[in-house]
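Asker: Dropping the structure in here first, questions after.
The values are calculated or read from the model by the stated rules, or taken from the named source; none is laboratory data. As the structure is a prediction and not an experimental result, all values here were calculated from the model. Cβ atoms come from the backbone with ideal geometry, glycine included; neighbour counts cover every protein chain shown. When the accessible area is computed, the model is the full protein with side chains, heavy atoms only, and any ligands, DNA or RNA have been set aside. Shrake-Rupley method; radii C 1.70, N 1.55, O 1.52, S 1.80 Å.
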Amino acid sequence: MIWWLKARRALVALPLGLTVLALLALVIQDGSAALPSLTISGSGSTGQTRVMLFAPIPLVASVALCLDARLPPAEASGVRPVRAMDALLVASVTLAAVALCLGLGAALDSAAVAAAGRNSAFLTGLLLCVRPFAGQPAVMVPVAWVLAVVLIGFRSAGDPYAWAILPEPPGAPHAALGTALVLITGLAALLRGPRSPT
């Protein structure tokens with residue numbers, strides 16, 4: 001087990017990803033920035049977007065790094081359930097991110113920080129859904145999703161479309177359901193997908 005964790009770089013990459021998420025949450029909190037938007041009118045072509053939308057990206061990148069750190073010949077010939085162990089690792093770090101962000105959100109009284117855990121789970125699930133088809137470039141899909149939300153995810157300032165998920169408050173039922181579906185689908189793709197992505 002320890003060799004698998006070392007091969008995946010999980011002992012370094014995942015704690016580092018969680019630490020960066022926590023630091024970003026402490027620094028950014030409910031901060032917002034004027035970013036370009038194609039769908040918000042009335043304020044030029046910019047809208048106030050919470051910067052915490054971007055905070056899960058380092059954690060998702062660390063998950064992708066772990067999953068891409070493989071020893072394909074050893075994994076192909078081995079008898080250990082590597083895909084199941086990978087799925088358990090991803091589920092564990094996602095659960096840790098959700099718990100971390102909920103705790104920090106309550107301590108800081110910040111809805112954006114509390115929602116960052118759900119957003120981490122959603123973006124990780126999105127990565128896992130695309131990874132069997134795209135391989136290593138799949139790490140760019142969560143980044144593209146965040147940029148799409150910023151550019152076209154709002155009807156008006158503070159009113160996101162339902163598909164956007166990320167800007168929704170922590171208790172939004174459709175965002176929680178969408179996140180659960182995407183994460184479960186992603187974990188299923190990790191369990192059932194090809195042994196090594198293309």
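Asker: Translational diffusion coefficient, Stokes-Einstein: compute it for region 87-143 using the Kirkwood radius over C-alpha pairs as Rh, at 20 °C and 1.002 mPa s, and state it as an integer in µm² s⁻¹.
Answerer: Estimated diffusion coefficient is 180 µm²/s.
Asker: Further question: Taking the solvent-accessible surface of protein heavy atoms with a 1.4 Å probe, what is the per residue accessible area of the chain in Å²?
Answerer: With the other protein chains kept in place, the chain gives 48 Å² per residue.
Asker: Share of the chain's accessible area from carbon and sulfur, percent, 1.4 Å?
Answerer: It is 72 percent, rounded to a whole number.
Asker: List the trypsin sites (Lys or Arg not before Pro) within region 128-198 that fall in a DSSP loop (any state other than H, G, I, E or B) and whose Cβ has at most 11 other Cβ atoms within 10 Å.
Answerer: Qualifying residues, ordered by number: R195.
Asker: According to the Cα gyration tensor, what semi-axes, each the square root of 5 times an eigenvalue, does the equivalent ellipsoid of the chain have, listed from largest to smallest in whole Å?
Answerer: Working through the eigenvalues yields semi-axes of 31, 18, 14 Å.
Asker: Residue by residue, what Karplus-based ³J(HN,Hα) values in Hz, rounded to whole numbers, does region 177-190 have, using 6.51, -1.76 and 1.60 with θ = phi - 60° and x for Gly and Pro?
Answerer: Whole-Hz 3J(HN,Hα) from phi for region 177-190: 5, x, 5, 4, 5, 5, 5, 5, 4, x, 5, 5, 5, 5.
Asker: Under the Karplus relation 6.51 cos²θ - 1.76 cosθ + 1.60, θ = phi - 60°, what is the ordered set of whole-Hz ³J(HN,Hα) values for region 167-173, x standing for Gly and Pro?
Answerer: In residue order, the calculated couplings are x, 5, x, x, x, 5, x Hz.
Asker: Would you pull out the residues with amide H under 5 Å of S32's amide H, same chain only if 5 or more places away, H placed 1.01 Å from N?
Answerer: So S32 has HN proximity to V51.
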